[in-house]
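Scroll down for the structure; my scribbles are underneath it.
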């Protein structure tokens with residue numbers, strides 16, 4: 001049986017009155033209780049050693065590390081400290097730090113006569129001493145400051161930091177100095193994971209939380225651990241903890257430090273599991289076991305042929321039998337202690353999984369490993385028909401990639417794999433599961449809401465380009481809110497906006513949360529985690545900057561998009577509204593995915609049948625799509641040379657003067673004020689993006705020409721030449737204009753079969769964005785046609801109108 005060894009140190013009652021704290025002993029007691037329960041659930045033996053106040057002198061803590069001496073391979077060791085952090089004068093040999101100070105923890109006797117802090121380098125040696133030549137997992141958790149502020153108290157918050165210790169300590173007096181690497185004076189390092197309460201320039205705080213004084217970091221960390229964080233990697237654990245901390249206090253950002261290990265390891269070395277984690281507890285008034293998640297969190301009741309199930313840490317499988325707004329009833333908890341709370345991992349949810357296809361060219365042994373690992377990912381389903389799945393798994397040069405059918409850009413960074421390595425494919429599937437979570441949340445809503453739509457008003461204020469004119473206000477948007485860059489004094493300016501939520505109901509109070517879905521599959525609620533919205537009141541999305549909450553957001557298109565010829569992306573904001581304070585959107589959170597050459601998801605919004613829960617209750621979801629329109633690519637059109645846009649080059653007809661840029665279908669539809677049908681649909685051909693962007697989303701399908709001196713200069717004998725970079729031997733690309741009156745396309749030129757498109761006539765101008773031309777623009781669409789249709793000749797379909 002493995003053993004969990006824990007050394008837990010807390011100091012509240014420092015001998016100097018102005019140094020005293022209130023919440024450290026509470027923190028240590030809560031941490032000790034959690035570790036006991038965790039060890040029991042894992043079938044581990046627990047051996048904890050407590051040091052507090054007078055028993056936590058410097059030498060006591062050093063001696064306390066002997067507690068880890070009995071640990072052997074397979075055991076876990078944890079050092080926890082709650083108290084003051086500070087800095088102390090460093091020996092001259094360590095003055096590579098410009099402050100001349102080393103970081104330290106303040107022991108009970110550190111500020112007494114002849115007292116000393118326990119230095120960070122001494123702690124590093126103690127950890128090395130405990131872990132050397134052992135196969136043990138070591139984690140240190142420090143709820144203290146690492147800065148040298150002399151500030152002591154606030155009305156509602158106390159800082160866990162005291163003034164620096166200016167006593168000189170000789171290098172030879174550092175504990176473990178004899179083992180230091182003398183060439184660069186550093187102690188030997190032991191493999192371990194370090195969880196810190198704050199960055200080294202910040203203050204760790206304690207507050208009055210849940211009827212007692214607590215350290216903010218320890219309080220939030222234990223909340224996350226007790227709500228399924230033990231299933232997650234250290235990176236995921238600290239991400240969720242960081243969000244909770246920043247929602248509880250300001251200017252404190254917990255840090256994860258890794259020495260000789262990686263952040264993908266699970267808590268206390270356990271293997272991470274897949275899926276979301278929740279808490280199950282017993283409700284005595286109703287005699288039911290309740291999962292602390294419900295329809296708002298997208299939990300779906302079990303169906304006759306498909307169950308929603310969760311697994312406890314001991315392997316027990318429980319089934320969701322009924323779903324309410326924020327809780328769900330479960331079965332299968334027979335024999336469990338009603339006084340204990342249980343972390344549970346979502347195994348399977350009775351919602352449609354994300355459909356993926358596997359490219360038949362995938363090596364068979366890799367396909368076998370991938371198929372085997374898919375059993376652990378219930379949110380992903382393999383679809384045999386390669387034309388039907390939402391995404392496709394392909395194999396590119398010893399790496400797995402996920403693409404949309406017909407596209408050539410991975411939706412996240414390719415994952416190098418060895419053909420029989422399960423860990424590599426598991427990393428890939430974890431990222432696919434994140435895509436599935438994002439897609440599922442995008443479709444999430446409550447079809448049976450008891451809250452009337454008119455109760456809630458959403459307003460987005462679009463700031464003017466010059467910052468002086470009155471802002472444009474978009475109310476309750478049902479179409480994408482366009483956020484265009486604008487040109488001011490010759491420079492492109494990023495669009496700015498504010499978002500507020502107004503409760504129009506004169507009697508009802510609500511709780512609201514805003515969940516931000518980024519174009520790179522990240523999910524975050526930091527801008528409005530949860531806030532009470534009283535009757536006839538309003539709340540704003542905000543962010544914290546330099547200690548102040550600000551409401552004005554700046555939207556931007558990452559420069560990495562330019563490599564793909566993409567200048568328009570869409571992010572989404574889901575507004576959750578509930579009558580119940582139990583509203584919780586933390587379970588949705590996930591970090592953005594790294595993509596191959598920078599972020600590039602695009603503007604495609606998934607459409608499908610959403611999951612429906614059997615709950616008619618006081619919650620609803622409202623969606624806002626933000627379409628961020630980046631700077632335009634614009635080139636002059638002349639008759640003496642080709643000028644380049646992303647994906648094409650263009651040369652004008654003789655004497656023609658114009659400007660050219662690219663746009664997408666959605667912008668063109670906005671200009672036409674009507675939907676544009678896909679032409680030649682009977683042949684299943686599709687509009688072709690000019691740029692190498694995302695075909696299904698925001699590839700730039702439309703060439704715009706404006707500021708023309710004379711459109712009649714373009715004719716059969718004097719065409720505009722457009723050379724596309726996307727030559728395809730199996731198809732040909734034809735140019736079309738669009739007739740708004742008839743709702744039909746008509747051809748305006750032909751292709752010579754080698755990527756050159758000749759425009760022999762131009763359609764009339766139609767409205768375009770004012771930042772391009774107030775007189776409108778001529779729009780040319782491009783269609784990819786199979787060669788077998790024989791549409792290459794200049795005479796075939798010359799007069800055809802294609803619907």
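Derivation of every value follows stated rules applied to the coordinates shown; laboratory data play no part. Model, not experiment: these values are computed from the prediction. Neighbour counts are summed over all protein chains in view; Cβ atoms, including those assigned to glycine, are modelled from backbone coordinates with ideal geometry.
Rank these for me by crowding, 489, 309, going from fewest to most other beta carbons within 10 Å.
The order, fewest Cβ neighbours first, is 489, 309.
In nanometres, what is the gap between the two model label sites at residue 581 and residue 54, each 7 Å from Cα along Cα-to-Cβ?
Distance between the two pseudo-spin positions: 4.1 nm.
What order do you get for 649, 86, 212, 513 when you list them from fewest to most C-beta neighbours inside 10 Å?
212, 649, 513, 86
Which shape class, rounded, prolate or oblate, goes with region 223-337 when its Cα gyration tensor gives a ≥ b ≥ c as root eigenvalues, a/c under 1.5 marks rounded, and past that a/b bigger than b/c marks prolate?
Prolate shape, in that a/c is at least 1.5 and a/b is the bigger ratio.
Between residue 550 and residue 384, what FRET efficiency follows from the Cβ-Cβ distance if R0 is 45 Å, with the result rounded to 0.05?
Calculated transfer efficiency: 0.35.
Could you give the length gained on full extension between residue 717 and residue 283, defined as 0.36 nm per residue of separation minus the Cα-Cα distance, in nm?
Working it through step by step, the gained length comes to 147.9 nm.
Can you compute the FRET efficiency between residue 208 and residue 418 using 1/(1 + (r/R0)^6), with r the Cβ-Cβ distance and R0 = 45 Å? Round to the nearest 0.05.
Plugging the Cβ-Cβ distance into 1/(1 + (r/R0)^6) gives 0.25.
From the square roots a ≥ b ≥ c of the eigenvalues of the alpha-carbon gyration tensor of region 429-519, which class results: rounded (a/c under 1.5), prolate (a/b over b/c), or oblate?
Judged from the Cα gyration tensor, region 429-519 comes out oblate (a/c at least 1.5, b/c at or above a/b).
Taking 1 over the mean of 1/r across every pair of different Cα atoms in region 354-442, what Kirkwood radius in Å do you get?
12.9
If you find the alpha carbon centre of region 28-85 and of region 312-355, how far apart are they in angstrom?
31
Once fully extended, how much extra length lies between residue 592 and residue 453, figured as 0.36 nm per residue of separation less the alpha-carbon to alpha-carbon distance?
46.9 nm
Which whole-number percent is the relative contact order of region 354-442 (Cα, under 8 Å, 6+ apart)?
This gives 30 percent for region 354-442.
Distance in nm between label sites at residue 710 and residue 319, each 7 Å beyond Cα in the beta-carbon direction?
8.0
Using a 10 Å cut-off on Cβ atoms, rank the peptides 517-527, 478-488 from the highest mean neighbour count down.
For the peptides 517-527, 478-488, the packing ranking is 517-527, 478-488.
Using r as the Cβ-Cβ distance of residue 305 and residue 472, and R0 as 41 Å, what FRET efficiency do you calculate, to the nearest 0.05?
Efficiency computed from Cβ-Cβ geometry: 0.25.
By how many nm would the segment from residue 46 to residue 337 lengthen if fully extended, with 0.36 nm per residue of separation less the alpha-carbon distance?
Result for the pair: 102.8 nm of gain on full extension.
What is the order of 407, 717, fewest Cβ neighbours within 10 Å to most?
717, 407
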